[in-house]
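Each reported figure results from applying straightforward, stated rules to the coordinates on display, with no laboratory input. These numbers come from a predicted model, not from an experiment. Heads up, the Cβs are rebuilt from the backbone with ideal geometry, glycines too, and the neighbour counts pull from every protein chain shown.
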Amino acid sequence: MPANKVPKPPSGLSKKSAAFFQQFCEDYDGVDDAAREVLERVCVQMDRAAAAADGIKKQGLLTKDRFGIDRANPLCGVERMATLAITNGLKALGAFKGDDTPPDRYARLV
């Protein structure tokens, strides 16, 4: 893919995560196929975390088990794992850098 052509977001993403995909590709020139795959998975996890957060908001943070004991809503685990996947994906893409220059993801391999 040419470096100046920004790929379209994959279908099935929410508007928010599709906009994030587009903006990330514009900000970091030269997103190769491997980075695009990681970015797609990050965006899917963003949607999953948002859906889990909405479910927690509707159902509440605690639910009752079959014995009537308060337990954490299972969606809390889904949200936590999706958030970790987002963070790890962005780290793998080299998005956490202190300055404004785009990161060189391969610099540590040399």
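What the table below lists for this structure:
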read-out	value
Filter on Lys16/Lys64; Lys15/Lys58; Lys57/Lys91 - keep pairs with C-alpha separation over 24 Å	Lys16/Lys64; Lys57/Lys91
Mean separation of Cα contacts under 8 Å, 6 or more apart, over the residue count of region 32-96: relative contact order %	43 percent
Isotropic mean projected area of the C-alpha convex hull, region 32-96 (nm²)	4.9 nm²
For Met46, Met81, order by how many other beta-carbon atoms lie within 10 Å, fewest first	Met81, Met46
Sorted by Cβ density within 10 Å, fewest first, the residues Phe20, Phe96	Phe96, Phe20
Percent of Cα-Cα distances greater than 22 Å, calculated over region 1-74	42 percent
